[in-house]
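First up is the structure itself, then whatever we jot down about it.
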Amino acid sequence: MQRRSILYSLLACLVALLLTLTPQSGLTQSSTLHPESSSDKVYRAFPDLPKNNEYKRVENGKINSESTLISRLIRYHQDVKKRPTGYRIDWLLTMSDYLGVNEPIKEGQYPGYSTLQVNPMKDDIKIIRSLSRFQRRALLDFLVTVYAPVEQVHKDIPSKDGSTKSDIPTKPGLSKPGDAKLLMQ
């Protein structure tokens, strides 16, 4: 059992290393996306994914339907573990936590622990573990896409004379001798 744990840790490190070498684009989307709106996107893409949102609120006993499996997973990722949302490696670490091969998830810190009458942690972990490897990978890939760096789409813009010009900004060239004098004019 100890040997298997070491192998899983080594595998997780290897995957982490490979994924950090994957190029990421420059501008990241703001992590101000609310977990509830992000989880809505996930559930639209994966309608068969359990919401696990039947838990009652502590303060009034009403069902908190916005506290879903995915919104709690996102909150765990960004609020509890303080992991950036724009990088695949960090989402992989979170998924590994749910699978029990990285860091243990602490019951007293899990999203919903203090706001829901029953802590949803055990059920959430059970659901994530019940997903096939393909389903977990698709979910992870989609979360990366939701929070991925924003890439600009460039188009050719037609000008009045019928020619086209690209809206891709050109990088300034290297300076040449005497360019600094232009600043004084």
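Each reported figure results from applying straightforward, stated rules to the coordinates on display, with no laboratory input. Everything numeric in this text was worked out from a predicted model, so none of it was measured. Don't worry about glycine lacking a Cβ; one is built from the backbone with ideal geometry, like all the others, and counts go over all protein chains shown.
Taking the stretch 91-118 as the range and being of a type in the set (S, T, N, Q) and touching a helix residue (DSSP H, G or I) at 6+ places or on another chain (Cβ under 7 Å) as the test, the residues that pass are 94, 96, 102, 109. Counting only helices (runs of 4 or more DSSP H) that fall entirely inside the stretch 63-130 and contain at least 2 residues that are closer than 26 Å to residue 47 by Cβ and of a type in the set (Lys, Arg), the qualifying elements are 69-75, 121-130.
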